[in-house]
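The values are calculated or read from the model by the stated rules, or taken from the named source; none is laboratory data. Because the structure is a prediction, the values reported are computed rather than measured. Note that each Cβ is placed from the backbone with ideal geometry, even for glycine, and that neighbours are counted across all protein chains shown. Accessible surface is based on the protein model in full, side chains and every heavy atom, while ligands, DNA and RNA are left aside. Shrake-Rupley method; radii C 1.70, N 1.55, O 1.52, S 1.80 Å.
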Amino acid sequence: MSDINAIRSAIRDVPDFPTPGVLFKDITPVLADPAHFHTTIRLLAEKIAGTGVTHIAGIEARGFILAAPVAALLGLGFIPIRKKGKLPWKTMSAEYALEYGEATVEIHEDAIRPGEKVAIIDDVLATGGTAAAAVKLLRLCEAEVALAAFLMELTFLDGRKNLPGTRIESLISY
Ligand code: AMP
């Protein structure tokens, strides 16, 4: 058995990665522990069960690790949101700001049908730029974003302000 406090303790803080001043939240010890991994997936699934979503969108790359098992557990479809140039079919793109410079994420234009309900999953909500780009892509597809769920939220970065109108759920807050 595992619980959210044990998962919180298992997350490893790595100072100055990938750049000086960033405290990186490393989830690999959580993923490597069968009980922690299973509990993480179960708790994320509980946030999404009953919302009426038909699909879970995962954000490359760590978002995939959490989103795909949640989708399978709930019997939902999985949609990859990937970095520019990785998806083989026709795509739509959204740019977003990083600490330095910009990045682009993409979705297949037929990933979800207009009016379908989707939940987004990623490991960390930091500034919210990545999740906001994911919301933008799904809205370009005319899907309804019911919520965005995260293993953890860095509240001091106030990522929620970049996600107006989107319900946010996180299992752990810092
Ligand atoms: P942001 O767009 O600033 O909300 O950043 C979110 C994305 O960057 C997520 O996909 C995270 O995986 C990653 N990320 C941002 N900050 C951290 C951090 N301190 N530790 C681990 N991952 C992070």
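Take every pair of alpha-carbon atoms less than 8 Å apart whose residues are at least six positions apart; their mean separation over the length of region 51-173 yields a relative contact order of 24 percent.
A straight chain from Asp16 to Ser173 at 0.36 nm per residue would run longer than the Cα-Cα distance by 54.5 nm.
Leu154 contributes an accessible area of around 20 Å² to the protein surface, as traced by a 1.4 Å probe with all chains present. Take the Cα of Asp33, step 7 Å toward its Cβ, do the same at Lys83, and the gap between the two points is 2.9 nm. About its Cα centre, the chain has a charge dipole of approximately 240 debye under the convention of +1 per Lys or Arg Cβ and -1 per Asp or Glu Cβ, with nothing else charged. Averaged per residue, the chain has 50 square angstrom of accessible surface, using a 1.4 angstrom probe with ligands and nucleic acids left out.
Sorted largest first by accessible area at a 1.4 angstrom probe radius, with every protein chain in place, the residues Met152, Met92 fall in the order Met92, Met152. Distance from the alpha carbon centroid of region 1-43 to that of region 132-174 works out to 20 angstrom.
Of the residues Thr127, Thr104, Thr19, the one with the largest accessible area comes first in the ranking Thr127, Thr19, Thr104, computed with a 1.4 Å probe on protein heavy atoms. For Arg82, the solvent-accessible surface with a 1.4 Å probe is about 60 Å², rounded to the nearest 10. Given a 1.4 Å probe and the protein chains as shown, Thr54 ends up with an accessible area of around 60 Å².
For region 149-174, no residue has its backbone nitrogen under 20 Å from a point 7 Å from the Cα of Glu60, taken along Cα to Cβ. Along the axis of the charge dipole computed for region 41-174 (Cβ charges of +1 for Lys and Arg, -1 for Asp and Glu, origin at the Cα centre), the listed residues Ser170, Gly159, His108 are led at the positive end by His108. Here is the tail figure for region 1-129: Cα pairs spaced more than 17 Å apart come to 64 percent of all pairs. Cut-off under 20 Å on the C-alpha distance; same-chain residues fewer than 8 positions from Lys86 excluded. Which lysines are left, in chain and number order? Qualifying lysines at Cα under 20 Å: Lys136. Label-to-label distance for Glu46 and Arg113 is 3.3 nm, based on points extended 7 Å past Cα in the beta-carbon direction. Largest accessible area first, the residues Asp110, Asp3, Asp123 order themselves as Asp110, Asp3, Asp123 under a 1.4 Å probe with ligands, DNA and RNA left out. Rounded to 0.05, the FRET efficiency of the Tyr100 and Glu142 pair, given R0 = 35 Å and the Cβ-Cβ distance, is 0.60.
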